[in-house]
Amino acid sequence: MDMAFLTIFVTAVVTSAATQGAIWLRDRWTMARESKFSVLYAALFFEQYAGECSYRLGEIEAHISSGGHAGTDYGSLPDLPAFPSEIEWKRVGIRLTEDAFAFRVAVEAMHSKISYLYDFDPPDGGAAEVRAQLIGLGLRALELADSLRRSATLNAAHAPDPEYTTARHLESSKRHHEEIMAKYLASQNASHAPSNANGVQLPM
């Protein structure tokens with residue numbers, strides 16, 4: 001085989017391979033970049049919902065502590081808006097997409113539960129559940145946002161005031177709520193103690 005022809009042939013093959021490789025790398029980079037945008041939109045969506053839960057919780061806490069003179073006594077959870085159209089769920093991944101849509105189902109279920117409690121456990125049967133779910137769903141939304149950011153190696157969410165963040169407020173409220181519930185259960189048990197000591201069976 002002529003050496004000149006062989007040189008040209010090898011050069012052509014190498015050039016073609018290099019070109020295809022460059023195109024492949026460019027496409028992969030573009031897909032990764034577009035995937036990061038989808039993940040970012042999803043993370044911001046859940047962070048915003050957590051912020052709304054924190055806001056309502058703060059208003060309720062202010063209303064209670066002021067004896068009704070401040071804040072707002074919200075009786076429901078924030079509605080979960082439609083997911084942004086910019087999110088391409090196939091780029092987000094199956095597991096995180098499943099978690100995102102499961103969260104929507106959970107919010108709808110809690111809306112129904114709270115409505116039921118207000119209807120059948122008056123006068124304020126749903127109030128405690130609203131506070132509990134604002135905390136629980138708010139923290140779960142932040143967990144989802146964190147998982148999304150880590151999956152695409154995105155930076156952590158920006159906190160304008162590190163001393164007061166949505167996460168810190170919700171976690172502090174969770175501890176306070178757990179303390180209240182523990183005291184309530186202790187008082188309930190104490191009130192039933194005389195009956196138990198006399199052999200009286202408590203209603204189930």
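The values are calculated or read from the model by the stated rules, or taken from the named source; none is laboratory data. This is a predicted model, so every value here is computed, not measured. Every residue, glycine as well, gets a Cβ built from its backbone with ideal geometry; the counts of neighbours run over all protein chains shown.
If only residues of the range 136-166 that are aliphatic (A, V, I, L, M) and within 11 Å of the chain's Cα centre (by Cα) are counted, the one that is nearest to residue 117 (Cα to Cα) is 137. The conditions of being modelled with pLDDT of 95 or more, more than 25 Å from residue 109 (Cα to Cα) and not hydrophobic (A, V, I, L, M, F, W, C) are not met by residue 140.
Return yes or no: is residue 148 among the hydrophobic types (A, V, I, L, M, F, W, C) and either free of Cβ contacts under 8 Å to residues at least 24 places away in the same chain or part of a loop (DSSP other than H, G, I, E, B) (or both)? Taking the combined requirement at face value, the residue does not satisfy it. Checked against (1) within 21 Å of residue 55 (Cα to Cα); (2) polar (S, T, N, Q); (3) modelled with pLDDT of 95 or more, residue 97 meets all criteria but (1). Restricted to the range 154-171, and to residues there that are farther than 18 Å from residue 58 by Cβ and touching a residue at least 12 places away in the same chain (Cβ under 8 Å), the residue that is surrounded by the fewest Cβ atoms within 10 Å (Cβ to Cβ) is 154. Summed over the range 116-165, the residues that are under 27 Å from residue 37 (Cα atoms) and touching a Cys at 6+ places or on another chain (Cβ under 8 Å) give a count of 3. Looking across the range 68-103 at every residue that is under 22 Å from residue 129 (Cβ atoms) and more than 16 Å from the chain's Cα centre (by Cα), the one that is surrounded by the fewest Cβ atoms within 10 Å (Cβ to Cβ) is identified as 68. Is it the case that the range 174-196 has a residue that's assigned to a helix (DSSP H, G or I), modelled with pLDDT under 85 and charged (D, E, K, R)? Yes, the conditions are met somewhere in the range 174-196.
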